[in-house]
Structure formats: structure tokens, C-alpha cells
1. Within segment 223-238, identify whether any single residue is within 30 Å of Val153 (Cβ to Cβ), without any contact (Cβ under 8 Å) to a residue 12 or more places away in the chain and among the charged types (D, E, K, R), and answer yes or no.
2. Looking at Ser194, Ser222, can you tell me which residue is among the small types (Gly, Ala, Ser), over 13 Å from Ile30 (Cα atoms) and out of contact with any Lys or Arg (no Cβ under 6 Å at 6 or more places or on another chain)?
3. Residues in segment 70-96 that are part of a strand (DSSP E or B), among the charged types (D, E, K, R) and closer than 11 Å to Glu113 by Cβ: how many?
4. Within segment 45-65, how many residues are surrounded by fewer than 16 Cβ atoms within 10 Å (Cβ to Cβ) and assigned to a helix (DSSP H, G or I)?
5. Given the criterion assigned to a helix (DSSP H, G or I), of a type in the set (Asp, Glu) and buried (at least 19 other Cβ atoms within 10 Å of the Cβ), identify the matching residue among Glu206, Glu113.
6. Can you name the residue in segment 142-196 that is modelled with pLDDT under 95 and of a type in the set (S, T, N, Q) and is also surrounded by the most Cβ atoms within 10 Å (Cβ to Cβ) among such residues?
7. Could you list, in sequence order, the residues of segment 98-110 that are in contact with a strand residue (DSSP E or B) (Cβ under 7 Å, 6 or more places away or on another chain) and surrounded by 19 or more Cβ atoms within 10 Å (Cβ to Cβ)?
8. Find the residue count for segment 140-178, including only residues that are over 23 Å from Ala221 (Cα atoms), among the aliphatic types (A, V, I, L, M) and touching a residue at least 60 places away in the same chain (Cβ under 8 Å).
Amino acid sequence: MDYFFGLQGNGRIGFMFDWTIILVLIGIAICLMASARVKLAFNKYNQVRTLSGITGSEAARIILNKAGLDYVRIERVSGELSDHYDPRDKVLRLSQSVYDSPSVAAVGVAAHECGHAVQDAENYGPLALRSTAVPVAQFSSMVYWPLIIIGWVTGFVGLADLGILVFTFVVLFQLITLPVEFNASARALRVLGSGEDIFRSREEYEGARSVLKAAALTYVASLISTVLQLARLVLLNRRRK
């Protein structure tokens, strides 16, 4: 647990429990539960084969071509659930477990990433905003903690305040991410439920929906965890003031 030295009421120096660590532990627990849920959903429907026998990469090609995005390349990448769309190179990268798999889960994940490609082609506002915010969020995540620590150690309160302000950009970035991910999943489900080119039964559609819903919750969990971390930093900073 987290403890720190403090001056007790009798004038002696002793250990005091830092209760704000509970906020961090809650955030970690929420993220772990969300991660476990998406893995369970993916593993479950990764065992369910599509009736058409179509793979994740084949489904992605169909969706992209229908959207007029035949110029978007599809590549295989290593890693587990490392699937993503790269708007700079116009490339859809699918993990091994999605690219070659004819499972309901694989097709659902591939369709979600296609949703991002369509967002990019349509200049979807939240996606453009998130892309612009990426370097700011990356920089903020690297410098906020050193600023806070130096501010606390030196007693320069303004520096610690600046570190917390910088951290709010990380929170805002995750907040911007939510509509981007939810919209991509909604686009994917509309395509998957629109005909029999990819899915041929309601059960397949519901399986993909379960996987994408579980995946969306991981972004919500991450946001909650980051907000709790921000709350803890604010409380600790007030205590030191």
C-alpha cells in the first residue's frame, strides 16, 4: 500500500496511510475487468465459424470495396488484437488471429477497423480531432509526472499545477476517443447486418455485436481509470499546498 512520512499530532514523525491510492486501485480493477471481458468475448466467438467461411481479411476487403475504398491496403501484423487502421498510410493492419480466421469474432474486429477507414475517407470530425491530438497526448503522458514530482520536491507549487494541467490533456484525448470507437463499431454492425455478403444469420451478427460491445467498454474503463488518477493527483497536490 502507499504510505508517506508525516507529522503526527503529538509532534512525532510516523507513517500515515495515503487513502488516495484506493482511487488508483479502483481504476486498475475496472481496466482488468474490461480487458478480461473482451478477451472472453473474443475467445468465445473466435471458436464460431462464419457460415460463409469468410475470413477477417476477406470481409474487410468486401467492406472497403463497397465503401469505394479499394485503395486501402490490408496487411497482416504480429501481436494479439493489434488490429488498427493507419490514416497516414491508408493501411488496414489485421493481427494474425483476425486476418486468416473465418470466425465471427475476427470478422467483427475487421469490420470495426474498416469503420475507421470510412471515417477517415469521410473526414469524420472526432477522428480528425483525435489524430491532431495524438502528439499532444503522447507528449503530455511523458512530461506530466516529472513536472509534478519536481514541483513537489522543490516546493514550486506552480510546476506541480502545470503537471496536473498537462495530464488533463491525456484525459481529454481519451474522452475524444470514445465517440470515434463507438461510431466505428456502429458502422461495422450496420454493414454486417445489411445483407448476406458476410453474415448469413442473426446469431453471427449478435456474436460480433457482443465482441465489439466488450471492446468498447475497454475505452470507457480506460477513461474512468485516468479520471480517477487525475482526481488523486489533485487531492495530493492540495495536501502538499
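1. Scanning segment 223-238, I find at least one residue that is within 30 Å of Val153 (Cβ to Cβ), without any contact (Cβ under 8 Å) to a residue 12 or more places away in the chain and among the charged types (D, E, K, R), so the answer is yes.
2. Details: Ser222 fails: over 13 Å from Ile30 (Cα atoms).
Exactly one residue qualifies, and that residue is Ser194.
3. Final tally of qualifying residues: 2.
4. Counting residues in segment 45-65 that are surrounded by fewer than 16 Cβ atoms within 10 Å (Cβ to Cβ) and assigned to a helix (DSSP H, G or I) gives 1.
5. Matching residue, one of Glu206, Glu113: Glu113.
6. Checking each candidate, the answer is Ser194.
7. We begin by selecting, within segment 98-110, every residue in contact with a strand residue (DSSP E or B) (Cβ under 7 Å, 6 or more places away or on another chain); these are 99, 102-103, 110.
If the condition is that a residue be in contact with a strand residue (DSSP E or B) (Cβ under 7 Å, 6 or more places away or on another chain) and surrounded by 19 or more Cβ atoms within 10 Å (Cβ to Cβ), then Tyr99, Ser103, Ala110 are the ones that fit.
8. Total satisfying the criteria: 3.
The values are calculated or read from the model by the stated rules, or taken from the named source; none is laboratory data. Note that the structure is a prediction, hence the values are computed from the model and not measured. Neighbour counts run over all protein chains shown; Cβ positions are idealised from the backbone, glycine included.
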